[in-house]
Amino acid sequence: MIIIRNLGLTNWKNVFYEMNKFTKKRNFFSKDEIWFVEHFPIFTVGQKLNIKKINIKTNIPYEHTNRGGEITYHGPGQQIIYLLINIKNKKIKPSFFITLIENIVIKTFNFFSIKSYKKKFFPGIYINKKKVCSIGLRIINGCTLHGLSINVDMNLSPFNLIFPCGDKFIKMTQLKDYSSNISFVKLKNIFLYYFTKFFNIKKIKYKGIRKMNLF
């Protein structure tokens, strides 16, 4: 069984705290969870980059986080999916877990007739040589936290202030530029459908939200 929570538009710091607390407290019997959320504008800095070296001329705050990777931007219109999964119980290696997530995202985009692909050595999903989905994880005691962000319908301009994921050649894009059939509800439904299918999950429990209709 997996528990699904839809947290809406909320402060990054609060979710970061709760996510880490949840992960450190969980045990063998704890249920896996997926949290769907949007964040108020913020830059987050991963463990590969020294936050003291950042000099961004903007009023948007930036915070250090314990996920992998370098710097990225979160803001309204971006679907963030936090994956709180015990991969140790499932006997899944971290690299293979990332591969599975990438495949799920590609399948999800295919549902909307959007062709996307992954790049070797560069986690994430791309459309027409532009990045649309970023992936950054941390693993504590065999359990994942953090997850992925999908640009749906947002202001992309803050990405121009940074090198997303530490790559100065990366350009960002969003799903609304490729399909008018995209909505957050549809995106979550289709992602969950493929996630439960890939991981052979038979039961879903919804906390704080009404049940989503999986096709």
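The values are calculated or read from the model by the stated rules, or taken from the named source; none is laboratory data. Note that the structure is predicted; figures quoted are calculated from it, not measured. With ideal geometry, Cβ positions are generated from the backbone for all residues, glycine too; neighbour counts draw on all protein chains shown.
Checking each residue in region 60-118 for being under 14 Å from residue 137 (Cβ atoms) and assigned to a strand (DSSP E or B) picks out 72, 80, 81, 82, 83, 84, 86. Taken together, 128, 66 contain a single residue that is out of contact with any strand residue (DSSP E or B) (no Cβ under 6 Å at 6 or more places or on another chain) and either closer than 19 Å to residue 163 by Cα or surrounded by 20 or more Cβ atoms within 10 Å (Cβ to Cβ) (or both), which is 128.
Condition check ((1) in contact with a helix residue (DSSP H, G or I) (Cβ under 7 Å, 6 or more places away or on another chain); (2) more than 17 Å from residue 149 (Cβ to Cβ)) across all residues:
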position	(1), (2)
12	no, no
22	no, yes
31	no, yes
56	yes, yes
67	no, no
73	yes, no
82	yes, no
86	no, yes
89	no, yes
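Residue check: residue 73 meets all listed conditions (1) touching a residue at least 24 places away in the same chain (Cβ under 8 Å); (2) out of contact with any Pro (no Cβ under 9 Å at 6 or more places or on another chain) but one, namely (2). If you go through region 98-121 and keep only what is in contact (Cβ under 8 Å) with a residue 24 or more places away in the chain, within 23 Å of residue 185 (Cα to Cα) and of a type in the set (A, V, I, L, M, F, W, C), you end up with 100, 101, 104, 105, 109, 111, 112, 114. State all residues of region 140-154 that are out of contact with any strand residue (DSSP E or B) (no Cβ under 8 Å at 6 or more places or on another chain) and in a strand (DSSP E or B); if no residue qualifies, say none. Correct list: 140 only. Every listed requirement among (1) without any contact (Cβ under 8 Å) to a residue 60 or more places away in the chain; (2) at positive phi is met by residue 95 save one, (2). Each residue in region 160-182 was checked for being exposed (fewer than 15 other Cβ atoms within 10 Å of the Cβ), assigned to a loop (DSSP other than H, G, I, E, B) and modelled with pLDDT of 90 or more, and 2 of them qualify.
Of all residues being part of a strand (DSSP E or B) and of a type in the set (S, T, N, Q) in region 1-35, which is surrounded by the fewest Cβ atoms within 10 Å (Cβ to Cβ)? Just the residue, please. In this case the residue turns out to be 10.
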